[in-house]
Amino acid sequence: MLDIKYIHNNPDLLKQKLTNKGSDPSLIDQVILADDSRKELVSKIDDLRHSKSLLEDKIAKGQKEPADLEFLKKAKVSLKELEDKATLADAEFTKVMRLIPNPPLDIVPVDPMGKQIFVLREVGNKPKFDFKPQDYVNLSEKLDLIDTERAAKTSGSRFGFIKNELALMEFALLQFVFQKLSKEGFIPLVTPVMLKPKLMEGMGYVERGGEEIYYLPKDDLYLVGTAEQMIGSMHSDEILDYNKLPLRYAAFSSCFRREAGSYGKDTKGILRVHQFDKIEMFVFSKPEEAVQEHEFLLKMEEELMQALKIPYRVLNICSGDLGDPAAAKFDIEAWLPGQNNGEGEYRETHSTSNCTDFQARRLNIRYRDPQSQDLHFVYTLNGTAFAIGRALIAIIENYQMADGNIKVPEALQPYMGGIKEMARKA
RNA sequence: GGAGGGUUCGCAUAGUGGUCUAGUGCGCGCGCUUGGAAAGCGCGUAUGCCGUAAGGCAUCACGGGUUCAAAUCCUGUACCCUCCGCCA
């Protein structure tokens, strides 16, 4: 959600920004109109209430006059009418307000269609194999590391059992990430995965993309698609301590996504599944520190990739490809040498967004400025530490050997109980 | 799932129809006092909306109702707590 005063003062700039994001610029005119009619009603109601309460004070002091009672009875009726109108006007205003996405920052490349790719850098050496590299689906099948067939039996398509050393590796990865991020000042967190509708809406993923979210009607709860939704929500309606900003969390959760509309895409394996585990970084920051926090999150992501020695590239996501809450976003794509029939390709493993005060406004998360004592909205940022499934895929493909066995990255070996290689079972 | 209790200003509490956005204590801020501090004393201490301003309006978990008037009465819902049952 944006600041309505800012909208009133900068309609043309915002229309341009919405156009850049591929959104409907007429939302700006709509919301201004809705706000004006809302204000008009509020003024009328306030005036009427004021004159009403003056008379009520008079009556309370014992000066009762029939004419006053008459007026008050009428006022009560017209007040009710006005209030009903105001409720409607308010609902309309809020509805439009919530449809307006976060305008992109200036660093975001403009491409309303969201087709273009802007590579900031490529990092790491792509592994050179003296054999034709296989993709992770083949590799993991031979080593009995992933079972999607039985997962289809138990749960349907787009699920997977993670087995044997790969199951151990999931927890090695978690351990590895938590160790590193704790040292960097992130608060380790394990979150609930069910979230109330009001808060899910607050995070800004329901207006568009609601189809993507699992919902439990019997309990009126959503299943989270990322821990980001939980961390933002846990501090809703709070005033955060200025001295504790930036407040950084590293949160583990399972994530649930319906993957509606991706039929036929990535149907094999576990690249795109309905349920996966992830450690997510989340930061509540002072506005003036948000850009540097965003870079810090990206740095964390890159350091994690580098520690695992997985080659990757960094993308500056263009305006048309930003989600509603994001004002700027960097993605990391890991190099998967086994894809594309052994030619290799980059696939997204990480994403970090600066959501400015868009989510904080909806969730009402503020801090008090120590100088002015004023309350301001915090800025929120999020970034993937590791989406476990995709990290495992990247490891499998980059660490494969000629015999089809897979080395365990050195950084993970301390957490693997002495296992240095995932090998074919006897 | 069953039975009971609760939800008021950062915290703790007072408040059963008008003088209550709301008293008191604690906490916090400013000042006096002091060589300095503590104590003491005085003053201040929620948020949102409308308005250039003066000022006005709203909010005592949330919604509906009674009344000229609701923190207070009636009613529905949510959340929390205790006990019982079930359970990893």
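The values are calculated or read from the model by the stated rules, or taken from the named source; none is laboratory data. Since the structure is predicted, the reported quantities are computational estimates derived from the model, not experimental observations. Neighbour counts are summed over all protein chains in view; Cβ atoms, including those assigned to glycine, are modelled from backbone coordinates with ideal geometry.
Key figures for this structure:
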read-out	value
Qualifying residue in the stretch A:332-347 (condition: acidic (Asp, Glu), in contact with a Lys or Arg (Cβ under 6 Å, 6 or more places away or on another chain), surrounded by 15 or more Cβ atoms within 10 Å (Cβ to Cβ) and at pLDDT 95 or above)	yes
Candidate set from the stretch A:373-426 (those that are surrounded by fewer than 24 Cβ atoms within 10 Å (Cβ to Cβ) and of a type in the set (Phe, Trp, Tyr)); member that is nearest to A:Arg361 (Cα to Cα)	A:Phe377
Qualifying positions in the stretch A:403-426 - of a type in the set (Lys, Arg) and either closer than 28 Å to A:Lys126 by Cα or outside any loop (DSSP other than H, G, I, E, B) (or both)	A:Lys407, A:Lys420, A:Arg424
Residue list for the stretch A:120-146, restricted to those being within 13 Å of A:Gly344 (Cβ to Cβ) and either of a type in the set (A, V, I, L, M, F, W, C) or without any contact (Cβ under 8 Å) to a residue 24 or more places away in the chain (or both)	A:Lys128, A:Phe129
Pairs with Cβ under 8 Å, 6+ apart, first in the stretch A:48-69 and hydroxyl-bearing (Ser, Thr, Tyr), second more than 6 Å from RNA strand B (Cβ to nearest atom)	A:Ser51/A:Ala75
Matching residues in the stretch A:229-269 - criterion: being within 19 Å of A:Val190 (Cβ to Cβ), hydroxyl-bearing (Ser, Thr, Tyr) and in a helix (DSSP H, G or I)	A:Ser233
Cβ-Cβ under 6 Å pairs, at least 6 apart or on other chains, the stretch A:235-262 side closer than 17 Å to A:Leu297 by Cα, far side within 16 Å of RNA strand B (Cβ to nearest atom)	A:Ala251/A:Thr191; A:Phe252/A:Val190
Spans of helices (runs of 4 or more DSSP H) in the stretch A:1-96 with at least 1 residues within 11 Å of RNA strand B (Cβ to nearest atom), modelled with pLDDT of 90 or more and loosely packed, with under 13 Cβ neighbours inside 10 Å	A:4-9, A:26-60
Matching residues in the stretch A:157-184 - criterion: being among the polar types (S, T, N, Q) and not in a helix (DSSP H, G or I)	A:Ser157
Subset of the stretch A:180-221 (residues that are out of contact with any strand residue (DSSP E or B) (no Cβ under 8 Å at 6 or more places or on another chain) and among the small types (Gly, Ala, Ser))	A:Gly202, A:Gly204, A:Gly209, A:Gly210
Residues within the stretch A:195-205 that are within 11 Å of RNA strand B (Cβ to nearest atom) and either touching a residue at least 40 places away in the same chain (Cβ under 8 Å) or within 19 Å of A:Ala251 (Cα to Cα) (or both), tallied	1
